[in-house]
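Trainee: Sharing a structure, written as structure tokens. Questions coming.
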Amino acid sequence: MPDVRGLDHRAVNAILRETEGGCTLTGCCGQRFIGAGMSGKNICIQGIPGNALGAYLNGGTITVAGNAQDAVGDTMNAGRIIVHGSIGDAAGYAMRGGEIFVRGSAGYRAGIHMKAYREKSPLLVIGGTAGSFLGEYQAGGTIIVLGLESDRKIVSFFPCTGMHGGKMYLRSSCTDITFPSQVTARAADETDLRQLRVHLSGYCDVFGLDLNAVLDAPFTVVTPDSANPYKQMYIMN
């Protein structure tokens with residue numbers, strides 16, 4: 001159980017690379033890029049990791065006992081990141097595979113440029129609420145926001161701006177949310193709820209939640225209407 005207090009990110013990642021299998025880091029305080037590009041590791045973090053936790057992650061699991069900062073899972077390809085607290089901005093930026101499970105809330109631009117790649121389809125699940133520009137330019141994968149234990153709006157301003165792929169599920173009727181014109185927002189049907197059950201089973205197992213209770217609420221499904229939402233901005237010959 002290495003204590004990484006006072007070490008920079010290079011030293012922390014050197015410890016992780018030299019450790020076979022699992023490793024618990026204590027005393028973490030703002031070190032960036034923890035686990036970047038790694039695979040086959042089971043990393044537990046006590047403390048608060050800095051920006052770009054699990055960037056380019058290619059497999060394995062990273063678990064954070066508390067909160068995390070910005071750009072969690074930036075461009076991750078595979079694996080799972082579990083955060084028992086809340087996260088900062090731009091979580092899952094351009095991720096193309098793997099899973100990010102957040103028990104708390106997320107800041108701005110969660111899921112920005114999220115995409116799918118061949119057989120890979122990323123999943124981002126936020127247990128609390130999300131800040132503005134959720135799913136900005138989303139091109140693939142699935143974003144789920146649950147709004148658990150919160151009386152705030154499930155998402156702030158400008159969700160799904162530029163969305164042109166993938167799917168978003170919001171655990172709310174969303175009557176207080178304004179969506180852009182290039183997406184369709186509708187109430188979830190039975191097929192959607194079956195898909196949600198599959199997506200949320202792992203999340204509920206991780207955090208000890210009752211899956212049936214989580215699903216016992218209205219959900220709104222958001223999908224894009226166009227693969228090229230900004231075509232009206234281009235000059236067509």
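Trainee: Quick one: which residue in 52, 36, 68, 11 is farther than 20 Å from residue 115 by Cα, outside any helix (DSSP H, G or I) and not charged (D, E, K, R)? Don't jump to the end; show me each part of the working.
Mentor: Numbers: 52 fails: farther than 20 Å from residue 115 by Cα; 36 fails: farther than 20 Å from residue 115 by Cα; 11 fails: outside any helix (DSSP H, G or I).
Only one candidate passes the filter, namely 68.
Trainee: How many of the residues making up segment 75-99 are closer than 19 Å to residue 29 by Cα and either in a strand (DSSP E or B) or within 10 Å of the chain's Cα centre (by Cα) (or both)?
Mentor: 5
Trainee: Looking at residue 94, is it out of contact with any Ser or Thr (no Cβ under 6 Å at 6 or more places or on another chain) and of a type in the set (Gly, Ala, Ser)?
Mentor: no
Trainee: Among residues belonging to segment 112-133 that are within 15 Å of residue 172 (Cα to Cα) and free of Cβ contacts under 8 Å to residues at least 40 places away in the same chain, point out the one that is nearest to the chain's Cα centre (by Cα).
Mentor: Result: 126.
Trainee: Same structure again: Being among the polar types (S, T, N, Q), farther than 17 Å from residue 104 by Cβ and out of contact with any Asp or Glu (no Cβ under 7 Å at 6 or more places or on another chain) is the requirement here; does residue 67 meet it?
Mentor: Values: among the polar types (S, T, N, Q): yes; farther than 17 Å from residue 104 by Cβ: no; out of contact with any Asp or Glu (no Cβ under 7 Å at 6 or more places or on another chain): yes.
In short, no.
Trainee: Scan segment 165-193 for residues that are within 15 Å of residue 218 (Cβ to Cβ), surrounded by 12 or more Cβ atoms within 10 Å (Cβ to Cβ) and polar (S, T, N, Q) and jot them down.
Mentor: 172, 173
Trainee: Considering only segment 189-230, how many residues are acidic (Asp, Glu) and assigned to a loop (DSSP other than H, G, I, E, B)?
Mentor: Looking only at segment 189-230, we keep the residues that are acidic (Asp, Glu), and these are 189-190, 192, 205, 210, 216, 225.
Those still in the list that are assigned to a loop (DSSP other than H, G, I, E, B) too: 189, 210, 216, 225.
Adding up the residues that qualify gives 4.
Trainee: Please determine, by comparing only the residues of segment 100-121 that are among the basic types (Lys, Arg) and part of a loop (DSSP other than H, G, I, E, B), which one is nearest to residue 145 (Cα to Cα).
Mentor: By that ranking, first place goes to 103.
Trainee: A further question on this structure: Test residue 109 against the criterion of being in contact (Cβ under 8 Å) with a residue 24 or more places away in the chain, crowded, with 19+ Cβ neighbours inside 10 Å and touching a strand residue (DSSP E or B) at 6+ places or on another chain (Cβ under 8 Å), and give yes or no.
Mentor: The answer is no for residue 109.
The rows are residues; the columns are (1) charged (D, E, K, R); (2) surrounded by fewer than 13 Cβ atoms within 10 Å (Cβ to Cβ); (3) touching a helix residue (DSSP H, G or I) at 6+ places or on another chain (Cβ under 7 Å).
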site	(1), (2), (3)
125	no, no, yes
132	no, no, no
146	no, no, yes
152	yes, yes, no
163	no, no, no
209	no, no, no
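Trainee: I've got another one for you. If I filter segment 14-33 down to residues being in a loop (DSSP other than H, G, I, E, B) and not small (Gly, Ala, Ser), which single residue comes out as surrounded by the most Cβ atoms within 10 Å (Cβ to Cβ)?
Mentor: 31
Trainee: Additional query: Under 7 Å by Cβ, and 6 or more places apart or on different chains, what pairs join a residue from segment 146-157 that is in contact (Cβ under 8 Å) with a residue 12 or more places away in the chain with one that is among the acidic types (Asp, Glu)?
Mentor: Correct list of pairs: 153/176.
Trainee: Name the residue that is farthest from residue 80 (Cα to Cα), counting only residues in segment 122-149 that are of a type in the set (Ser, Thr, Tyr) and not in a strand (DSSP E or B).
Mentor: Here the residue is 132.
Throughout, read-outs are computed from the coordinates displayed, never taken from laboratory work. Remember, predicted model here, so these are calculated numbers, not experimental data. Glycine also receives a Cβ, built like all others from the backbone with ideal geometry; neighbour counts cover every protein chain displayed.
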